[in-house]
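The values are calculated or read from the model by the stated rules, or taken from the named source; none is laboratory data. The model shown is predicted, which means the values in this text are computed figures rather than measured ones. Positions of Cβ are generated from backbone atoms using ideal geometry, with glycine treated the same way; all protein chains shown enter the neighbour counts.
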Amino acid sequence: MKSKMKIYPFLLVLIFTLNAFAGESIFGINDYSLGIMNIPYSNAGVGRSYEIGNRDSLRLNFFNYSLWTEINNPTYGIKLGYRAAFSKDNIRSDYFNDYANFEGGYLAIPVLKKKLVIGLGLQPFSNIEQRIQTDEGDVHKFVLIRGGISKGTLNVSYAVNKRLRIGLGYEYNFGEILRSFRIELEGSDYPLSFDYQYRYYGNGAVISAYGNPVKNLGMGIVYRPSYTLKTRIKPQTTSDYINDSRLKKITIPSFLGFGLRYNLNSRTSVGSDLIYQNWAKGYKVEGKSFENLFSDYVRLGVGFERRQSHKLFTSFAEKLDYRFGLFYGKQNYLSLGNDVKEYGMSLGLSLPITRFRSRIDFSLILGKRGNLSKNQYEEKFLMFGVTINASEIWFVKLED
C-alpha cells in the first residue's frame, strides 16, 4: 500500500482542494473508503425511520430476518432508489450530485407455515462514485472512484414460540471499486493515466431475533460479527513491476442494531431503531486501523406508522399506509478530523395491489450532512425509493 501512495500522493491533496462532483456524497473521499454505508431498510422502514422490531405479514423485513416467520405465502421484495445531494464548501458554493440504483431484493419461502422459512437475497452494502478535478496552472488532475460491495444472503427463520423468533444467515460479500487517475499537461498530447482495481470477496454471518415480551410491544435485535474481506488489488499502469497484483485483508467491524415497536391500537404504531458500528478501531487493513479517517457509525431513528383499514368496504384513502420519521447520527468517516453528523426527516406511503395481496411502498428522505466550520463541506440530500412487495400462492395441495 505504501508503494501505491508514492504513485499518486496528490490524492490526499485533492481531498482538501476539492473542485469536484460525486455520485452520492462529497464526503468520505479517501484511499481506504468503501463508500457510503447503505441502511438495510425496505422503503417501508425508510419511510418511518425504523424496521428492526417491526412485524409484518405482507412484506419482508430487509433488516431482521427472524420476522420472516410472519408471512403466509412465498413473498418477495425488490427495492429501487434515487439519491441526490446539493453540496457546498468554503471555496465553491454549489455542487449537484445524483444517481439511481438497485438497492436490494429478497425472496422468502415458508416451509412450515408461521414456523420455518428459508430465504435468499442480494443487497448492496456500500456504494461510491466520486469524481474529483483540480487545476493547478498548466497541470490538470482527475480522479474517478466508483463501485461498491454487495451481499448475497441465504438465511433461515424459525418461530420458537408465539413470543420468540430467531434468524440465522450466511452472507457472501463481493464487489469491485475502481480508482482511476489522470494527469494532463498543457501543450502535451501524452497524459499520464493509471488505474487501480480492487476486487473484494469474503464470508460473513448475521444473527437476528425478535421478542414480544408484553402485549403490543415488539423488540428486535440484529448482530453481524466482524469478518474479513480479501481484496485483490490489480494496478493497470505502464510499469510491469507496479502491475503485479497484491492480496490484502480488510477487517469489517461488527454491527449491532436494536429496535422497538409499540402498537397504540390495531392500526397505529410508533417505533425506534438504534444502530452502532465501530469503524474507528474495528475497520482495519492488514491488521492496522487508521487515525483521523474513520469514526464510529451511529444512527438513531424514531417514527410513526398508520396502517390500512381491513374493512371490506372503505375509501381508497383508508387502504393506504402513512409513515413519518426523524433520524440523527454520524457517518463512519471523519472530515478535517471531526465527525460528520447528519439529521433529517422521512416520509412514506404505501399503495395496495389488490390482485396479488401485495403493496408498493414509496419513501422520501430529506436531510443535512456535515458542517462548513467543522468539516469544510456540508450538503443537503434527498433519497427517493420504491419497494415492490408481492405475496403469492405458489403451491396448491389438491384433494384426492
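List the number of the failed condition for Y343; all other conditions in (1) on the phi > 0 side of the Ramachandran plot; (2) modelled with pLDDT of 95 or more hold.
Single failed check for Y343: (1).
Taking region 283-295 as the region of interest, how many residues are more than 18 Å from the chain's Cα centre (by Cα) and in contact (Cβ under 8 Å) with a residue 12 or more places away in the chain? Explain how you work it out, then say what you get.
Of the residues in region 283-295, the ones more than 18 Å from the chain's Cα centre (by Cα) are 284-293.
Next cut, in contact (Cβ under 8 Å) with a residue 12 or more places away in the chain only: 284-287, 290, 292-293.
Total meeting the criteria: 7.
For region 79-125, what are the residues that are part of a strand (DSSP E or B), among the hydroxyl-bearing types (S, T, Y) and at pLDDT below 85? Step through it out loud before you land on a result.
Going through region 79-125, the residues part of a strand (DSSP E or B) turn out to be 79-89, 95-112, 116-125.
Filter once more, keeping what is among the hydroxyl-bearing types (S, T, Y): 82, 87, 95, 99, 106.
Residues satisfying the conditions are S87, Y95, Y99.
Which one is modelled with the lowest pLDDT among residues in region 298-325 that are of a type in the set (A, V, I, L, M) and surrounded by fewer than 16 Cβ atoms within 10 Å (Cβ to Cβ)?
Taking region 298-325 as the starting set, the residues that turn out to be of a type in the set (A, V, I, L, M) are 298, 300, 302, 312, 317, 320.
Among the residues that remain, those that are also surrounded by fewer than 16 Cβ atoms within 10 Å (Cβ to Cβ) are: 312, 317.
On the way: L312: 72, A317: 83.
Once the filter is applied, the top-ranked residue is L312.
Just checking, does region 82-90 include any residue being closer than 21 Å to E392 by Cα and buried (at least 16 other Cβ atoms within 10 Å of the Cβ)?
Our first condition is that a residue be closer than 21 Å to E392 by Cα; within region 82-90, this holds for none.
No, region 82-90 contains no residue that is closer than 21 Å to E392 by Cα and buried (at least 16 other Cβ atoms within 10 Å of the Cβ).
Have a look at Y210, Y201, Y158 and point out the one that is surrounded by fewer than 16 Cβ atoms within 10 Å (Cβ to Cβ), closer than 30 Å to I109 by Cα and of a type in the set (F, W, Y).
On the way: Y210 fails: surrounded by fewer than 16 Cβ atoms within 10 Å (Cβ to Cβ); Y158 fails: surrounded by fewer than 16 Cβ atoms within 10 Å (Cβ to Cβ).
On inspection, the qualifying residue turns out to be Y201.
Given the condition surrounded by fewer than 17 Cβ atoms within 10 Å (Cβ to Cβ), modelled with pLDDT under 95 and among the aromatic types (F, W, Y), answer yes or no: does some residue in region 176-191 qualify?
Yes - at least one qualifying residue is present in region 176-191.
Just one of L178, L144, L154 is more than 25 Å from M383 (Cβ to Cβ) and either in a strand (DSSP E or B) or not acidic (D, E) (or both); which is it? Talk me through it step by step, then tell me what you get.
Numbers: L178 fails: more than 25 Å from M383 (Cβ to Cβ); L144 fails: more than 25 Å from M383 (Cβ to Cβ).
Going through L178, L144, L154 in turn, the sole match is L154.
Considering only residues that are at pLDDT below 95, of a type in the set (D, E, K, R) and closer than 30 Å to G169 by Cα, which ones fall in region 220-246?
K230, R232
Please verify whether R246 is on the phi < 0 side of the Ramachandran plot and surrounded by 14 or more Cβ atoms within 10 Å (Cβ to Cβ), treating the condition exactly as stated.
Values: on the phi < 0 side of the Ramachandran plot: yes; surrounded by 14 or more Cβ atoms within 10 Å (Cβ to Cβ): no.
When the stated conditions are applied, R246 does not pass them.
Give just the number: which of (1) in contact with a helix residue (DSSP H, G or I) (Cβ under 8 Å, 6 or more places away or on another chain); (2) modelled with pLDDT of 90 or more; (3) under 30 Å from S180 (Cβ atoms); (4) aliphatic (A, V, I, L, M) does A209 not satisfy?
Against the list (1) in contact with a helix residue (DSSP H, G or I) (Cβ under 8 Å, 6 or more places away or on another chain); (2) modelled with pLDDT of 90 or more; (3) under 30 Å from S180 (Cβ atoms); (4) aliphatic (A, V, I, L, M), A209 comes up short only on (3).
Kindly provide the set of residues from region 346-387 that are without any contact (Cβ under 8 Å) to a residue 24 or more places away in the chain and over 18 Å from K88 (Cα atoms), ordered by number.
First pass over region 346-387, keeping only residues without any contact (Cβ under 8 Å) to a residue 24 or more places away in the chain: 354-355, 366, 373.
Of everything in region 346-387, those that are without any contact (Cβ under 8 Å) to a residue 24 or more places away in the chain and over 18 Å from K88 (Cα atoms) turn out to be T354, R355.
For region 106-117, which positions are surrounded by fewer than 21 Cβ atoms within 10 Å (Cβ to Cβ) and out of contact with any Leu (no Cβ under 8 Å at 6 or more places or on another chain)?
Passing the criteria: I109, V111, L112, K113, K114, K115, L116.
Okay, residues lined up against (1) closer than 28 Å to I39 by Cα; (2) of a type in the set (A, V, I, L, M, F, W, C); (3) free of Cβ contacts under 8 Å to residues at least 60 places away in the same chain; (4) in contact with a Phe, Trp or Tyr (Cβ under 8 Å, 6 or more places away or on another chain):
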residue: G147; (1), (2), (3), (4): yes, no, no, yes
residue: G152; (1), (2), (3), (4): yes, no, yes, yes
residue: N161; (1), (2), (3), (4): no, no, yes, no
residue: G167; (1), (2), (3), (4): yes, no, no, yes
residue: Y170; (1), (2), (3), (4): yes, no, yes, no
residue: F174; (1), (2), (3), (4): yes, yes, yes, yes
residue: F181; (1), (2), (3), (4): no, yes, no, yes
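Filter region 253-272 down to residues that are touching a helix residue (DSSP H, G or I) at 6+ places or on another chain (Cβ under 8 Å) and either surrounded by 15 or more Cβ atoms within 10 Å (Cβ to Cβ) or free of Cβ contacts under 8 Å to residues at least 12 places away in the same chain (or both), then give me how many there are.
Kept after step one, since they are touching a helix residue (DSSP H, G or I) at 6+ places or on another chain (Cβ under 8 Å), are these residues of region 253-272: 253-254, 271.
Filter again for either surrounded by 15 or more Cβ atoms within 10 Å (Cβ to Cβ) or free of Cβ contacts under 8 Å to residues at least 12 places away in the same chain (or both), leaving 253, 271.
Result for region 253-272: 2.
G385 versus (1) in contact with a helix residue (DSSP H, G or I) (Cβ under 6 Å, 6 or more places away or on another chain); (2) farther than 30 Å from R232 by Cα; (3) buried (at least 19 other Cβ atoms within 10 Å of the Cβ); (4) at pLDDT below 90: which is the lone unmet condition?
Against the list (1) in contact with a helix residue (DSSP H, G or I) (Cβ under 6 Å, 6 or more places away or on another chain); (2) farther than 30 Å from R232 by Cα; (3) buried (at least 19 other Cβ atoms within 10 Å of the Cβ); (4) at pLDDT below 90, G385 comes up short only on (4).
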